[in-house]
1. Length gain on complete extension for the stretch THR215 to GLU59, per 0.36 nm per residue less the alpha carbon to alpha carbon distance?
2. Could you check the spin-label model distance between ASN230 and ASP268? Points 7 Å from the Cα along Cα→Cβ, value in nm.
3. So how do ARG14, ARG209 rank on accessible area, 1.4 Å probe, biggest first, that is with the largest at the start?
4. How much space per residue, in cubic angstrom, does the convex hull of the C-alpha atoms of the chain take up?
5. What percent antiparallel are the DSSP beta bridges of the chain, to the nearest 5?
6. Tell me which lysines have Cα within less than 21 Å of LYS11's Cα, excluding those fewer than 8 residues away on the same chain?
7. Pop out the ³J(HN,Hα) list for the stretch 224-230 in order, Karplus 6.51 cos²θ - 1.76 cosθ + 1.60 with θ = phi - 60°, rounded to Hz; leave Gly and Pro as x.
8. As I understand it, the dipole of the chain uses +1 on the Cβ of Lys and Arg and -1 on the Cβ of Asp and Glu, about the Cα centre. Which of ALA204, ALA194, GLY125 lies farthest toward its positive end?
Amino acid sequence: MEHMIEHEAGKVHRVLGSGGVGLHVREWGPEHAQPILFIHGWSACYLAWHNQFDSALREKYRIVCMDLRGHGFSDKPLDPEMYQTGAHWADDIAAVMIALALKRPVLVGWSYGGFVISDYLARHGSKNVGAVNFVGAAVISSNPPSHIGERFIDGALLAASDDPAVMIEGVRHVVHATTYRPLPVADTERALVALGLTPPAVRAFLLMRTLDFTTTLEALDRPCLISQGNEDCVVLPSMAEHIASHVPHAKLSRYAACGHAPQQEHPDRFNNELAALVESL
C-alpha cells in the first residue's frame, strides 16, 4: 500500500512497511529503467545519496531512496522490538519493492544498510535482487565489537543519550568521524540535521543488535561490489575484507584518501563504478 504525490525533487511515496510503520521513499529517473534501491546508514536519511540522485545516474536508471524506519521522514515508533527484529527490516525492503514494482533492483547499502540488505537476503533470498553494492557496510555486530572503529563507538554511545547536550556532542562526533577530509560546510550541516531527525532511543535500539551474516553472504549468488574507504574509522576496512572473502566472486574496490562515505567523498568514481555494476547485469 502506498500513496504518491509529485514533488519537484522527484516522486515522493509513502509506503506501509512491516508492523504498520510508514516509510518515506523518493524516486527519480525513467519509470521503466533498471531500478537501484539506495539504503542509508545509522541515523542518516535518504539525503546521504544526494550525489547519486542529483547526478547523471538518474538520467539512465530508476533511482529509489528510502528513509529507514526510525529515520528521516519515516515513522519513528519507540518500541525496541520494531528495530531489533530482523524480519521488520527485511519486510520493509520487500514492501518498497512491491509498492514501487521494482524488478530485480540493485541494492546499495551504506554502513548499517549492510545489515538491512543482509536481513532481506536472509529472509527473502536473492530471487528479486539484481546485484548488491556494499558501501562501507557492516554485516557483523558483536560484543565486544569487531570491525567497528572505537571513534565511532564513542560518538554513537553519546548520540544515544537522553541528555540533549550529550546527544548533540555525540552527533557532532559521528559526523566529523565519517569522512577522511571535511566535506563542504553545507554538506556537513546537512548531515548534522539529518542525524538529528533520528530519536536517540532509536539510535540505541540499533546499537543493541547482535548479528553475523557471514553464512548469508556465502549464499549470495548475485554480482557484488564492495566500496570501501582505506581510512574508514567507522566501519573498518577489515569488514570489507571479510565480506569479500565470503561473497562468491565479489569485487572489492578500495578508495585511497577516503573515510566512511565513498559516495560523498569520491562521487564521480563511485557513480561510475556503480553504473558499471548495473551495466554488467
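1. Working: separation 156, 0.36 × 156 = 56.16 nm, distance 3.65 nm.
Using 0.36 nm per residue and subtracting the Cα-Cα distance, I get 52.5 nm.
2. In this crude spin-label approximation the distance works out to 1.9 nm.
3. Working: ARG14 90, ARG209 15 Å².
Highest to lowest solvent-accessible surface, that is ARG14, ARG209.
4. Numbers: hull volume 32.1 nm³, N = 281.
Per residue, the Cα convex hull of the chain comes to 114 Å³.
5. Numbers: 19 of 42 bridges.
Around 45 percent of the beta bridges assigned by DSSP in the chain are antiparallel ones.
6. LYS11 reaches LYS60, LYS103.
7. Working through the residues one at a time gives 9, 10, 10, 9, 9, x, 5 Hz.
8. GLY125
The values are calculated or read from the model by the stated rules, or taken from the named source; none is laboratory data. Owing to the predicted nature of the structure, the values given are computational and were not obtained by experimental measurement. Backbone-built Cβ (ideal geometry, glycine too); neighbour counts: all protein chains shown. Calculation scope for accessible area: heavy atoms of the full protein, side chains included, ligands and nucleic acids excluded. Shrake-Rupley method; radii C 1.70, N 1.55, O 1.52, S 1.80 Å.
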